[in-house]
1. On full extension of the chain, what length is gained from Ala98 through Ala81, given 0.36 nm per residue of separation minus the C-alpha to C-alpha distance?
2. Name the residues whose placed amide hydrogens come within less than 5 Å of the amide hydrogen of Ala87, ignoring near sequence neighbours (fewer than 5 apart) on the same chain.
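Throughout, read-outs are computed from the coordinates displayed, never taken from laboratory work. Quick caveat, the model's predicted, so the values are computed rather than measured.
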Amino acid sequence: MFRRVWTRTVALSLLAAATGCAPGKGSEVEDVPPEVRFDKLRFEVYRGPAIEATGTAGVARMRRDTGELAAQRVQVQFPPAAGREEAQLEAARGTGSATERWFQLEGGVVLVQGFTLDPDARTVRMAGGAALRTGAPTASASGGTSR
């Protein structure tokens, strides 16, 4: 009788150890990319209490560790301000830095502000309120009073 109880106890202990106490998955740390991805992003840019720009991006990414920005299908609207008409800007993609506060647009850049910038522009870079356009040997504008 004692032998039978002992055998059952050992058998149940081994069964429990084999099923319930088996080594699980290791506590490996997964490498997660340090970025945030946004689909159909809508954004607003403020300077103080005033809105400087609003816009959308089809897909946007920001690296949390470096502040690098990347976006596709970018559209930006600049509201009218003192001495400035309303403007709209579109591009296929953009890159920039949130920490250094600059953004560069590329790929079929179109700027509309009382006139249209040459759609063959390859690159427009904005930093500190100024825009530098590169890509075509000469800039041409039509509409409004600029040419």
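1. Working: separation 17, 0.36 × 17 = 6.12 nm, distance 2.42 nm.
In short, 3.7 nm is gained.
2. Phe78
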